[in-house]
């Protein structure tokens, strides 16, 4: 079983109240106002991207969000308190995990797509150099080098199970 490397995680935090973005923008150096509905911010030190929304939600991205979600949420709440906009976190939801790995290809992408269910896969080399395949609750980008990107899972186990099924599928071609 090949190990997957997490390259990005997208999570959404929900605060108990809506955010006063104007106050947050004034009190938190480094925020960039994108629209009247959200602010961009980078956490110092580890450079995590955060988007704060007027609705009281925030988007958090980075490869170690899964492993450090409690620590990151505590830091975000501390930053909000220091910016004089103290809120409580209702919950954090993992929306998407992006992983990469590789496989040994015995067939070309053209041959693989011919054997794939046309409803689940596509390969248009003039538009994109990878084969796109969707099954087992995740999406795969397969390149002729054997590199594989897996996206769409909310848990790493979903990515791993999907990849194991994908490898079995490829071995039957």
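For residue 110, indicate whether it is over 18 Å from the mean Cα position of the chain (by Cα), in a helix (DSSP H, G or I), outside the structural domain of residue 64 (by TED's automatic domain parsing) and on the phi < 0 side of the Ramachandran plot. The answer is yes for residue 110. With respect to the conditions (1) farther than 25 Å from residue 163 by Cβ; (2) within 24 Å of the chain's Cα centre (by Cα); (3) surrounded by 12 or more Cβ atoms within 10 Å (Cβ to Cβ), residue 22 lacks only one, and its number is (2).
Only one of 41, 87, 49 is on the phi < 0 side of the Ramachandran plot and over 24 Å from the mean Cα position of the chain (by Cα); which? Walk me through it before giving the result.
On the way: 41 fails: over 24 Å from the mean Cα position of the chain (by Cα); 49 fails: over 24 Å from the mean Cα position of the chain (by Cα).
One residue alone meets the criteria, 87.
Run down 68, 82, 154, 104 and say which single residue is within 15 Å of the chain's Cα centre (by Cα) and either within 30 Å of residue 29 (Cα to Cα) or exposed (fewer than 14 other Cβ atoms within 10 Å of the Cβ) (or both). Spell out the reasoning first.
Values: 82 fails: within 15 Å of the chain's Cα centre (by Cα); 154 fails: either within 30 Å of residue 29 (Cα to Cα) or exposed (fewer than 14 other Cβ atoms within 10 Å of the Cβ) (or both); 104 fails: within 15 Å of the chain's Cα centre (by Cα).
Matching residue, one of 68, 82, 154, 104: 68.
Is the stretch 117-127 home to any residue that is surrounded by 12 or more Cβ atoms within 10 Å (Cβ to Cβ) and in a strand (DSSP E or B)?
If we filter the stretch 117-127 for residues that are surrounded by 12 or more Cβ atoms within 10 Å (Cβ to Cβ), which is where we start, we get 120-123, 125.
With in a strand (DSSP E or B) added as a condition, the list becomes 121-122.
Within the stretch 117-127, one or more residues are surrounded by 12 or more Cβ atoms within 10 Å (Cβ to Cβ) and in a strand (DSSP E or B).
Annotation for the stretch 114-122: no member residue is out of contact with any strand residue (DSSP E or B) (no Cβ under 6 Å at 6 or more places or on another chain) and not assigned by TED's automatic domain parsing to the domain that holds residue 147.
The values are calculated or read from the model by the stated rules, or taken from the named source; none is laboratory data. Not measured: the values here are computed from a predicted model. For neighbour counting, all protein chains shown are included, and Cβ atoms are generated from backbone atoms with ideal geometry for every residue, glycine included.
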